[in-house]
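This report concerns only the one structure given below.
The values are calculated or read from the model by the stated rules, or taken from the named source; none is laboratory data. None of the values given here were measured: they were computed from a predicted structure. Every residue, glycine as well, gets a Cβ built from its backbone with ideal geometry; the counts of neighbours run over all protein chains shown. Protein only, heavy atoms only, side chains kept; ligands, DNA and RNA dropped before computing areas. Shrake-Rupley method; radii C 1.70, N 1.55, O 1.52, S 1.80 Å.
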Amino acid sequence: MVLCGANAYEQKYYLNQEFSGLPTQIKEELQIMCVLYTEEIGGIFTVEFDDEDGTLLLKTNSEENDFAYDEIGAELKIRQLMREKQELFKSLELYYKIFVDGDIPEELLKESENA
């Protein structure tokens, strides 16, 4: 399931309306991240949830004849984002598990029992 993405070819940003309930600050941070990624690397960049376990995936691709697209830089930038935005991504995965899957992770149940 796609959360959001940006397309350098059409200069557009997309946020899946199923996630319109996210706080404004998070939606803005996602938009900035996606747009800056495509400005720097080019191509198409998406942030998606794995349907199996709700893991957040960062994906990128380009049109066939886009010789300006930086494949090596694309992978390096994704690794950088995974490090720098680790807390944001963990929070988004938790949001997905609770509000999309309807599943409350065990660690949250244990925390509420101990409170």
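What the table below lists for this structure:
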quantity: Members of the stretch 60-86 found to be in a helix (DSSP H, G or I), charged (D, E, K, R) and surrounded by 18 or more Cβ atoms within 10 Å (Cβ to Cβ), listed by number; calculated: K77
quantity: When residues of the stretch 13-24 are limited to those that are of a type outside the set (A, V, I, L, M, F, W, C) and part of a helix (DSSP H, G or I), the one least open to solvent (accessible area, probe 1.4 Å); calculated: T24
quantity: Residue match in the stretch 48-59 (condition: β-branched (V, I, T) and either touching a Ser or Thr at 6+ places or on another chain (Cβ under 9 Å) or open to solvent by 60 Å² or more (accessible area, probe 1.4 Å) (or both)); calculated: no
quantity: Criterion violated by E10 - all others in (1) in contact (Cβ under 8 Å) with a residue 12 or more places away in the chain; (2) loosely packed, with under 11 Cβ neighbours inside 10 Å satisfied; calculated: (1)
quantity: Which numbered condition I98 misses (of (1) in a helix (DSSP H, G or I); (2) open to solvent by 70 Å² or more (accessible area, probe 1.4 Å)); calculated: (2)
quantity: Residue match in the stretch 50-57 (condition: over 17 Å from E10 (Cβ atoms), of a type in the set (A, V, I, L, M), outside any helix (DSSP H, G or I) and modelled with pLDDT of 95 or more); calculated: yes
